[in-house]
Each structure stands twice: as structure tokens, then as C-alpha cells.
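The values are calculated or read from the model by the stated rules, or taken from the named source; none is laboratory data. Everything quoted here is computed from the prediction, not taken from an experiment. Backbone-built Cβ (ideal geometry, glycine too); neighbour counts: all protein chains shown. Side chains included, ligands, DNA and RNA excluded: accessible areas come from the protein's heavy atoms. Shrake-Rupley method; radii C 1.70, N 1.55, O 1.52, S 1.80 Å.
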Amino acid sequence: MIIMKLSVGKTSGNKLSFVLEDTNEEFANTIRRYGMVAVPTFAIENVVFYDNTTSIFDEYISHRLGQVPLLTPSKSPESAEVVFVIDEVGPKVVCSSDMKCSDEDVKVAKDKIPIITLTEGQKLRLEAKAVLRNGRTHAKFQAGLLSYGINGGKFDFRVESFFQMEPKELVLRACDVILEDISELQKGLKKA
């Protein structure tokens, strides 16, 4: 049995670096791919507009809301849904901090993301539903980017989360999903 060695490098905000030794490229690539497309995150999926007196189409605002990173608690069930509400009147810049959530554990990850500027008397009132999915579904559900370079048999990883979770947590959740998939494979093979 070969034991891998891990050395954590720099951690800064939403970025992390680490070195993985005594493993192969296939395993390193599995970690990279799972981290980018298999870790579930919350993102806005459906928006119902009750009042939009701006000159911007509903679809454009919906798209912007879908790109706002949302904090994703680690133990959220697959079927989890949360609702965000915006009810604002201009003049003001409506920012991500104006999105009020029905679940206190799920919040916007960054408060100062501008969504739209309302002029005097313009109104924006909507309800947006966030669901839990992974990056295979749509890029807005991607938790971050992982890459590595090979240096003398060592894998130098770089991780950048998109703020839904810490970069360390992103790698840990990717490993959890890998283990779940291996367990499902084992169960399937035992039945065969």
C-alpha cells in the first residue's frame, strides 16, 4: 500500500496551493475534475418578477442573479431549495447584499456585487429560488477551479474557490464525492 504525502502551501482568501506526492496523474486528475464539476453548490435557478419598472429585461437580471456566489453549507440535502427576495425602490444601486434569504445558513458570498442601478422611482421586486446542483449541470454551479503542474513526480495543485466555500473545503468535498462514487461502484459490482 502506498501512502500519499500532502504538503499544504499558501492559503490566501479564496486560493490554496498544495503539493501531492507518491500518487499518479490519474488520481491527481480525478481530484481536479471532481473539484470543478462534482461538488454541489447553490445558485439561483428560477426568478419570479412581481415588479420591474427598469429598462432592463427580466432575463438579464435573472442571469446576473444566477452568477452571484451563494454560501453553500456542507450538509445541505440534494433536494434543498432556498428563496431569496429583492424589494427595492430607486434611486439606488441594488447589490447582492439586498438579496434576503429564507434560510439563515445560505447567504450571498460577496455583498458588493452590483445587480442593477435603479433611478428615481424605479422598482424591482422579485423572488428567486436557489437550488443545489453541481458544475455538470451548468457553469453557475461550479465551485471553483483546480489545476496542477507536475514537477519531478510531485503534483503542485492550485485551487481557487468561487467563494461558495473555502478552497480547502472545496477539495475536501471533492474527496467526499469521490468516496461516495467509489462506494456506489462497489455496491453495483457486488450485485453483478
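With a probe of 1.4 Å, find how much accessible area the chain has per residue, and write the answer as a whole number in Å².
Result: 59 Å² of accessible area for each residue.
GNM remark for the chain: springs join alpha carbons under 10 Å apart, and the peak mean-square fluctuation among Ile182, Ile61, Ile44 falls on Ile182. Each label point was placed 7 Å from the Cα along the Cα-to-Cβ direction; for Asp87 and Lys110 their separation is 2.9 nm. Were the residues from Glu120 through Glu25 laid out at 0.36 nm apart, the gain over their Cα-Cα distance would be 28.4 nm.
Maximal additional length on extending the Asp181-Ser55 stretch stands at 40.7 nm, based on 0.36 nm per residue less the C-alpha distance. With the charge dipole of the chain set up from +1 on Lys and Arg Cβ and -1 on Asp and Glu Cβ about the Cα centre, the Cα lying farthest toward the positive end among the listed residues Val83, Gly66, Val159 is that of Val159.
Rounded to the nearest 20, the Cβ-based charge dipole of the range 23-74 about its Cα centre (Lys and Arg +1, Asp and Glu -1) stands at 180 debye. Checking [x] 9, 31, 27, 19, 10, 4, 0; [y] 8, 34, 35, 18, 4; [z] 9, 31, 42, 16, 2, 0 against P(r) over Cα pairs in 10 Å bins from 0, in percent calculated from these atoms, the matching label is [x]. Simple spin-label estimate for Ser12 and Asn151 gives 1.5 nm between the two label positions (7 Å along the Cα-to-Cβ direction from each Cα).
Compute the Cα gyration tensor for the range 140-182, then decide on rounded, prolate or oblate, letting a ≥ b ≥ c be the square roots of its eigenvalues: rounded whenever a/c is under 1.5, prolate when a/b is larger than b/c in the other cases, and oblate in all that remain. Judged from the Cα gyration tensor, the range 140-182 comes out oblate (a/c at least 1.5, b/c at or above a/b). Could you tell me what percent of the accessible area of the chain is made up of carbon and sulfur, with a 1.4 Å probe and every protein chain present? Percent of accessible area from carbon and sulfur atoms in the chain: 52. Note on the chain: with a GNM built from Cα contacts shorter than 10 Å, the maximum mean-square fluctuation among Arg158, Arg125, Arg133 falls on Arg125. In order along the range 82-94, phi translates into HN-Hα couplings of 10, 10, 10, 10, 10, 9, 10, 10, x, x, 4, 8, 7 Hz, rounded to whole numbers, per the Karplus curve 6.51 cos²θ - 1.76 cosθ + 1.60 with θ = phi - 60° and x for Gly and Pro. Taken as Cα centroids, the range 93-152 and the range 29-44 sit 16 Å apart, rounded to the nearest whole angstrom. Solvent-accessible surface of protein heavy atoms, probed at 1.4 angstrom with all chains present, puts Leu16, Leu179 in the order Leu179, Leu16, largest first.
When the chain is treated as a GNM with alpha-carbon contacts under 10 Å, the residue of Ser17, Ser161, Ser102 showing the greatest mean-square fluctuation is Ser102. Computed from backbone phi, the HN-Hα couplings of the range 108-116 come to 5, 7, 10, 7, 9, 7, x, 9, 6 Hz, rounded to whole numbers (Karplus: 6.51 cos²θ - 1.76 cosθ + 1.60, θ = phi - 60°; Gly and Pro given as x). Asp51 contributes an accessible area of around 50 Å² to the protein surface, as traced by a 1.4 Å probe with all chains present. Amide hydrogen proximity for Gly144: with H placed 1.01 Å from N in the peptide plane, the residues at 5 or more positions away or on another chain lying under 5 Å are Phe162.
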